[in-house]
Each structure stands twice: as C-alpha cells, then as structure tokens.
Amino acid sequence: MKLISTARLPPPLVLALLVVGGCSSIGRAVDPAKYDTMTCVELNNAVGDVARGISQTAISRGKVANTSVPSWLWGGTRVKTAVADRETARIDRFKQQQEALVAARRRKCAALPG
C-alpha cells in the first residue's frame, strides 16, 4: 500500500509551494546607511526598484488570497493565510525602505519633485 499518492498535485498547492519558494531575491537590497552617498539617479532607480517589488509582491499576495482551497486539502487554508501574511509583511518592509529612499532623495535632490 502506498502512503504517498502519485496523483498530480492540485493547483492551489502548487501555487502555494511556488510562492513559498518564491522569488525572494527580486529587486536589489540597498543599505539605508548608503542612501546619503547615492546620487540622485541612483536614488531614483532604487525607488523604482522598490516600487516594482511592492507591485510584484501585491500581485502575488492577491493571487494567493483569491485561490480557492479544496476542503479535502488539510491545512490548505492555513498555508494560504500564512503565505498571504508573509507577503503583507514583505510589502510593509518595502514601504519602509521606499519611505527612507524618498526622504533621502528629498534631502539630497531638492530641485527634483518628490
């Protein structure tokens, strides 16, 4: 008797596994201590990278949140909630980084709107 099914994995489980394994290295991390030494162009690029990260993470979170988990998949709802919460925390970190970048850009590049 086999304990592990050889059947195809259900799509919500596959999606959850992909998101959990996800692309955690999307974008580039910038050290907040380096913001004051960055040029205006570098600050603008960093703000754009962070904004892109926020968008990608929000799209991923929305896909996870809108996934219907079959009732027979034990713990599926809990996994879905945990993944969505993790993505929310990631968005919050991106927003904090973006606020720091915008403040540094405002101080350094006063002639630019921002």
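Given a Förster distance of 22 Å, report the FRET efficiency between residue 110 and residue 52 from their Cβ-Cβ distance, rounded to the nearest 0.05.
Efficiency, from the Cβ-Cβ distance: 0.30.
Solvent-accessible area per residue for segment 43-114 at a 1.4 Å probe radius, Å²?
Roughly 63 Å² per residue, with all protein chains present.
Taking 7 Å along the Cα-to-C-beta vector as the label spot, tell me the residue 85-residue 72 distance in nanometres, rounded to one decimal.
2.8
Can you sort 40, 109 by 1.4 Å-probe accessible area, starting with the largest?
40, 109
What are the aspartates and glutamates whose alpha-carbon lies under 14 Å from the alpha-carbon of residue 34, with same-chain residues fewer than 8 places away excluded?
Partners within reach: 42.
How would 71, 60 rank on accessible area, largest to smallest, probe 1.4 Å?
Working: 71 115, 60 30 Å².
Putting 71, 60 in descending order of accessible area: 71, 60.
Which of 97, 57, 73 sits closest to the plus end of the dipole of segment 52-112, meaning its Cα is farthest towards the positive end, when Lys and Arg get +1 and Asp and Glu get -1 on the C-beta?
Of the candidates, 97 comes out farthest on the positive side.
The values are calculated or read from the model by the stated rules, or taken from the named source; none is laboratory data. Since this is a predicted model, take the numbers as computed values, not measurements. As a convention, Cβ positions derive from the backbone with ideal geometry for all residues, glycine included, and neighbour counts pool all protein chains shown. Surface accessibility is based on the protein's heavy atoms, side chains included, excluding ligands, DNA and RNA. Shrake-Rupley method; radii C 1.70, N 1.55, O 1.52, S 1.80 Å.
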